[in-house]
Every structure is written in C-alpha cells, then in structure tokens.
Amino acid sequence: MPKIHDHLIQVQKRLAQALRQSQRASDGAQLLAVSKTKPAADVREAYAAGQRRFGENYLQEALEKQQQLADLDIEWHFIGPIQSNKTRLIAENFDWVHSVDRLKIAQRLNDQRPAEMAPINICLQVNLDREESKTGVFLDEVAALVESVSELPHICVRGLMAIPAPRKARDEQQQALQPMADVLAQLQSQYPQLDTLSMGMSGDLEAAIAAGSTMVRVGTDIFGARS
Ligand SMILES: *Cc1c(COP(=O)(O)O)cnc(C)c1O
C-alpha cells in the first residue's frame, strides 16, 4: 500500500519550492493528481489528504471511478487521447479537457456539453517536439485553432498542454518547454481567458515551473509506479 498521503505532501513541497526558486507566487501553479490505472480507493486517499483535482486518461476507467467516488467533490480533468465517438461522455462528465488537438473535437465537445452545465474548460494539446507518434497541434498552428475554438459558446479555452519528449537534464527540459510560455503570452493580449499552461509531470516538474507552468500533472510520484 503506497503512502499516498506522504507522497502528496512531498510533491506539494517540491511544487512550493520550485515556485519560490522561480520567484513566482506560491499559488502560481496547481497540482493535478493523475490517477490513471489506480483504483478509486487511491483517489479517496489522496482526497482525504486534501487533493481535489484529478486527471484521467482512459474514459471507461474514469467513468467507473467517478461512479465509485460520486460522494466526493472532485474536479475531473480528462488528459488522454480523444476519439471523436467518445466526446459525448467526456462533455457530460468532466470539468476540464487537456487533450483537445483539433477543431472537430472542440466542436463536438461544444455541441454535446449539456446546457445546464458551465462551459467545459479546455487546453489545446501541442506536439512540442513534432513527434510523429504523438497527437497535438504544432506550435505554429495554435493561434489559428485558438481563434476558431474561442467562438464556441459551451467551451472556455484556457490554455495549452504538452507532453514533451523525455529529457534528462533540467535545463534541456526547461528549454524545450519555454516556447509554450512564449506563445501563450503572445495570445494572452487577444484572449485574456488564456491563463493555463498544463505542463510538467513527475520527472520534469521543476523545469516546467521554471518555464511558467500553471498546472503540473503528477501521477507516479503521488500514486507510485504504474504496472
Ligand atoms: C500519465 C500522465 C501524466 C503523469 O505522468 P507521471 O510521470 O506518472 O507523473 C501526466 N500527463 C499525462 C498526459 C499523462 O498521460
């Protein structure tokens, strides 16, 4: 049984220290706990330790956990690849989606968001290293996609998300992520609702905070390795 409570406190400390070292406000970044492949009991344990935001990658698994955890006040984030035939269940069951990589997906989420719910918050996923194996738009395509998506009334476009190719050295990690912050800053004058840079995981949290991340997505260092 992993000591989720202790791990969570360790990650919160790392986050606070990284913010201090970058001379950023102590509330300048939020922690998203990534609970994919982990049982509902683990989410409940993290919740008992104060964690409220959870990220899931696989829709069916997420829906099952949501049912088991319906008594908790959790903010659910969908962070996995999106097939267009799955958008309705995502639109109906999540507060945030980090992995929107094309207009068609945004349009479907918009059309399928129930009218009585607040607009769904989305980040546009960027394929930062232009890897063929990864989804996401290229950085030079982001502005055009933001323009189209910002017209959709049941969506609130909040920012950008990336999963960079792994790098060991911290300054290389930071360098790779920096263009995300630059592009977001350029867009912010026209789209003030853009306040989110979703980047940084267990292995590059510090570099991501130095590069301006406002939401780190941490799985392994909270819940333990995934089998
Ligand atoms: C699994 C996953 C994470 C968490 O990664 P860790 O290395 O376990 O912290 C973050 N973001 C996305 C999109 C993921 O799929």
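So what's the back-of-envelope 222 nm ellipticity for the chain, counting only DSSP H runs of four-plus at -39500 (n - 2.57) apiece and dividing by all residues, rounded to 500? Walk me through the numbers on the way to the answer.
Details: 9 runs with 91 residues, N = 227.
Here the helix-only value at 222 nm equals -12000 deg cm²/dmol.
Considering only DSSP states other than H, G, I, E and B, which trypsin sites (Lys or Arg not before Pro) in the range 129-227 qualify as loop sites with at most 14 other Cβ atoms within 10 Å? List each step's numbers first, then the result.
Details: sites: ARG130, LYS134, ARG158, ARG167, LYS168, ARG170, ARG217, ARG226; in loops: ARG130, LYS134, ARG167, LYS168, ARG226.
Here the sparse-neighbourhood loop sites are ARG130, LYS168, ARG226.
Can you grab the distance from the C-alpha centre of the range 36-81 to the C-alpha centre of the range 6-24, Å, no decimals?
What the calculation gives is 22 Å, centre to centre.
How many Å³ per residue does the convex hull of the Cα positions in the chain occupy? Spell out each step's value before the answer.
Values: hull volume 28.6 nm³, N = 227.
It is 126 Å³ per residue.
Taking just the alpha carbons, could you work out the radius of gyration and Dmax for the range 71-110, both in angstroms?
In order Rg, Dmax, the Cα atoms of the range 71-110 give 10.3, 34 Å.
With every protein chain in place, what's the accessible area of LEU72 (1.4 Å probe, Å², nearest 10)?
30
As a test, work out the antiparallel percent of DSSP beta bridges whose residues both lie in the chain, rounded to the nearest 5.
Numbers: 0 of 27 bridges.
Taking every DSSP beta bridge with both residues in the chain, the antiparallel ones total about 0 percent.
Order 205-216, 34-45 from most to least packed using the mean count of other Cβ atoms within 10 Å.
Working: 205-216: 24.3, 34-45: 19.0.
Highest to lowest by the protection proxy: 205-216, 34-45.
Which whole-number percentage describes the relative contact order of the chain, with Cα contacts under 8 Å and a sequence gap of 6 or more? Intermediate values should be presented prior to the final figure.
Details: 408 pairs, mean separation 47.9, N = 227.
Computed over the chain, the figure is 21 percent.
Taking a temperature of 37 °C and a viscosity of 0.692 mPa s, what whole-number D in µm²/s does Stokes-Einstein yield for the range 158-227 with Rh from Kirkwood over alpha carbon pairs?
Details: Rh = 12.5 Å.
So the translational diffusion coefficient is about 262 µm²/s.
I'd like the accessible area for HIS7, computed on protein heavy atoms only with a 1.4 Å probe and all protein chains in place. Round to 10 Å², please.
HIS7 has an accessible surface of roughly 60 Å² with all protein chains in place.
Taking the mean number of other Cβ atoms within 10 Å as a proxy for protection, how do you rank 113-120, 177-184 from highest to lowest?
Details: 113-120: 13.1, 177-184: 18.5.
So the peptides 113-120, 177-184, ranked by packing, come out 177-184, 113-120.
Measure off, as a whole percent, the carbon and sulfur share of the 1.4 Å-probe accessible area of the range 1-103, all protein chains present. Kindly include the intermediate steps, with their values, before the conclusion.
Working: 2390 of 5190 Å².
Carbon with sulfur: 46 percent of the solvent-accessible area.
Students sometimes get this wrong: rank ILE105, ILE163 by accessible area, probe 1.4 Å, all chains present, largest first.
Values: ILE105 0, ILE163 55 Å².
Correct descending sequence by accessible area is ILE163, ILE105.
Can you list residues whose amide H is under 5 Å from CYS156's amide H, if they're 5+ apart or on another chain and H is modeled 1.01 Å from N?
Sorted by chain and number, the residues that satisfy this are ILE120, ASN121, ILE122.
The values are calculated or read from the model by the stated rules, or taken from the named source; none is laboratory data. Because the structure is a prediction, the values reported are computed rather than measured. Neighbour counts run over all protein chains shown; Cβ positions are idealised from the backbone, glycine included. Accessible surface is based on the protein model in full, side chains and every heavy atom, while ligands, DNA and RNA are left aside. Shrake-Rupley method; radii C 1.70, N 1.55, O 1.52, S 1.80 Å.
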